[in-house]
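Visitor: Once you've had a glance at the structure underneath, I'll fire off some questions.
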Amino acid sequence: MSAPRHLKPKIYSVGAIDWDRRLFDELIPLPDGTSYNSYLIKGSEKTVLIDTVDPTMTDVLIENLKQLEIKVIDYVIANHAEQDHSGSLPQILDIYPNAKVVCTPKCKPMLMDLLSIPENKIITVNDGDALSLGDRTLEFIHAPWVHWPETMLTYLREDGILFTCDLFGSHLATSDLFVTHESMVYEATKRYYAEIMMPFRTVIKRNLEKIKDLKIEIIAPSHGPAYNNPDFILNAYREWISDEVKNEVIIPYISMHGSTKKMVDYFVGALIERGITVKQFNLSKTDIGKLAMALVDAATIVISSPTVLVGPHPNVVYAVYLANALRPKLKFASIIGSYGWGSKMIEQLTGMTSNLKVEILEPVVIKGLPKEEDFQALDRLAEEILNNHKEHNIVKTED
């Protein structure tokens with residue numbers, strides 16, 4: 001639940017906090033819940049609602065508007081058609097029948113298809129268009145593929161507030177209107193970026209250029225707290241979307257009978273001896289969001305799996321599929337693991353990574369338990385990773 005809160009005079013947060021939700025899109029873990037942020041602006045001539053809330057929380061939004069005694073809404077800005085932001089539109093339009101929905105041309109048919117919004121209720125705006133509220137002005141900034149093709153940002157010029165919908169958001173249920181614990185919000189926002197925004201890294205770069213000259217005092221996303229120190233989140237995003245990677249190796253693994261685990265344990269030690277940071281994930285237990293977060297910065301991934309019916313373990317297939325879909329800025333990849341009587345694991349896994357622009361380093365896939373020559377091969381792989389990291393200035397060589 002929530003209650004109306006002031007961002008600035010006559011500007012309110014009227015959305016809902018979802019403390020108990022633990023899964024988003026039946027896919028993304030929500031260890032800390034989430035929020036669905038909706039914002040109300042009372043202009044001298046027009047009243048505007050920016051985004052709505054998830055359908056499960058429509059009653060909270062309506063109650064917040066009642067508490068503010070809102071009798072008329074002239075416009076509802078739909079920055080994004082996805083239902084956790086647009087899902088309450090039908091009920092809001094029933095209560096405020098004179099309201100018009102404002103969105104991009106690409107968003108219009110989506111709202112009609114997803115929510116049966118009548119065409120005559122929708123006004124489309126072009127990139128850079130403005131809407132006067134009397135004493136305040138909204139400017140619309142098209143931001144396609146952040147993270148759907150129809151998304152836009154809305155900028156309140158006079159107050160320097162940028163309403164960004166999913167961009168800069170975090171799945172975090174908190175009673176704080178603004179960021180008060182930066183470390184906690186940083187982790188939640190990085191998780192959100194990793195799981196949702198990372199595939200659109202190059203697009204986000206272009207859109208950050210579009211807003212770099214705006215006077216921004218507050219960034220108000222549609223999930224998580226707002227930022228009254230915009231540089232905090234802007235600088236974090238600039239780091240994440242850059243091409244820079246860290247001297248880190250990510251090792252997602254499964255072991256059925258202990259062979260692959262022996263290889264992973266030895267290999268982790270070999271990497272640590274060479275000064276490389278290792279992040280290891282047992283895929284039978286790990287939160288897949290933690291793996292996604294680790295992929296944001298890492299230079300190398302080493303996929304580790306036993307063989308199941310000549311292919312990789314299904315949990316490894318799932319992790320590799322997601323990594324390929326998320327398109328992290330990895331530079332190198334390899335495979336280690338074991339088999340009993342035969343394996344096509346290398347061919348299958350490399351065939352699943354077409355989106356990863358990586359150099360494949362010599363895999364180490366062995367029969368049965370690892371032997372001395374297999375440990376030596378793992379040492380060679382660790383050394384090759386170190387040399388590649390040095391060659392690409394990921395780790396600095398000593399003078």
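The values are calculated or read from the model by the stated rules, or taken from the named source; none is laboratory data. Predicted, not measured: the structure shown is a model, and the values here were computed from it. All Cβ positions, even for glycine, are placed from backbone atoms using ideal geometry, and neighbour counts span all protein chains on display. Remember, those area values only see protein heavy atoms, side chains included, never the ligands or the DNA or RNA. Shrake-Rupley method; radii C 1.70, N 1.55, O 1.52, S 1.80 Å.
Visitor: Do you know which residues across the stretch 85-99 are open to solvent by 10 Å² or more (accessible area, probe 1.4 Å) and not in a loop (DSSP other than H, G, I, E, B)?
Guide: Pro90, Gln91, Leu93, Asp94, Ile95
Visitor: Which residues, taken from the stretch 257-306, are part of a loop (DSSP other than H, G, I, E, B) and touching a strand residue (DSSP E or B) at 6+ places or on another chain (Cβ under 6 Å)? So that I can check it myself, show each step before the final result.
Guide: Going residue by residue through the stretch 257-306, those that are part of a loop (DSSP other than H, G, I, E, B) are 257-258, 274-276, 283-287, 296-297.
Listed by number, the residues that qualify are Ile276, Leu283, Asp287, Asp297.
Visitor: Right, something else. Restricting to the stretch 351-396, give me the number of residues that are open to solvent by 50 Å² or more (accessible area, probe 1.4 Å) and either within 29 Å of the chain's Cα centre (by Cα) or over 18 Å from Val249 (Cβ atoms) (or both). Break it down into steps so the answer makes sense when it comes.
Guide: So the first thing to find is which residues in the stretch 351-396 are open to solvent by 50 Å² or more (accessible area, probe 1.4 Å), and the list is 351, 354, 357, 359-360, 362, 367, 369, 371-373, 376, 380, 383-384, 387, 390-393, 396.
Still in the running and either within 29 Å of the chain's Cα centre (by Cα) or over 18 Å from Val249 (Cβ atoms) (or both): 351, 354, 357, 359-360, 367, 369, 371-373, 376, 392-393.
The qualifying residues number 13.
Visitor: Which is within 23 Å of Leu156 (Cα to Cα) and crowded, with 20+ Cβ neighbours inside 10 Å, of Ile123, Ile117, Ile77, Ile70?
Guide: So the residue among Ile123, Ile117, Ile77, Ile70 that is within 23 Å of Leu156 (Cα to Cα) and crowded, with 20+ Cβ neighbours inside 10 Å is Ile77.
Visitor: Can you name the residue in the stretch 260-291 that is small (Gly, Ala, Ser) and open to solvent by less than 20 Å² (accessible area, probe 1.4 Å) and is also nearest to Tyr318 (Cα to Cα) among such residues?
Guide: Among those residues, the one meeting the criterion is Gly289.
Visitor: In the stretch 72-83, how many residues are closer than 25 Å to His171 by Cα and either without any contact (Cβ under 8 Å) to a residue 60 or more places away in the chain or part of a strand (DSSP E or B) (or both)? Before you say what the answer is, go through the steps one by one.
Guide: First pass over the stretch 72-83, keeping only residues closer than 25 Å to His171 by Cα: 76-83.
Subsequent filtering for residues that are either without any contact (Cβ under 8 Å) to a residue 60 or more places away in the chain or part of a strand (DSSP E or B) (or both) retains 76-78, 83.
The number of residues fulfilling the criteria is 4.
Visitor: Pairs only if they're at least six apart or on different chains, beta carbon under 8 angstrom, first in the stretch 227-246 and over 23 Å from Thr180 (Cβ atoms), second part of a strand (DSSP E or B) and open to solvent by 10 Å² or more (accessible area, probe 1.4 Å); list them, first residue then second.
Guide: Listed pairs, sorted by first residue: Lys246/Thr277.
Here is a yes/no grid of residues against (1) touching a Leu at 6+ places or on another chain (Cβ under 8 Å); (2) acidic (Asp, Glu); (3) over 17 Å from Val264 (Cβ atoms); (4) part of a helix (DSSP H, G or I):
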{"position": "Val316", "(1), (2), (3), (4)": "yes, no, no, yes"}
{"position": "Val320", "(1), (2), (3), (4)": "yes, no, no, yes"}
{"position": "Asn324", "(1), (2), (3), (4)": "yes, no, yes, yes"}
{"position": "Lys329", "(1), (2), (3), (4)": "no, no, yes, no"}
{"position": "Ile335", "(1), (2), (3), (4)": "yes, no, no, no"}
{"position": "Trp341", "(1), (2), (3), (4)": "no, no, yes, no"}
{"position": "Gln348", "(1), (2), (3), (4)": "no, no, yes, yes"}
{"position": "Thr353", "(1), (2), (3), (4)": "no, no, yes, no"}
{"position": "Val365", "(1), (2), (3), (4)": "no, no, no, no"}
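Visitor: Which condition breaks for Lys66 when tested against (1) of a type in the set (Lys, Arg); (2) within 21 Å of His223 (Cα to Cα); (3) not in a loop (DSSP other than H, G, I, E, B)?
Guide: The number of the failed condition is (2).
Visitor: Can you name the number of the only condition in (1) over 26 Å from Gly160 (Cβ atoms); (2) touching a residue at least 40 places away in the same chain (Cβ under 8 Å) that Phe200 fails?
Guide: Single failed check for Phe200: (1).
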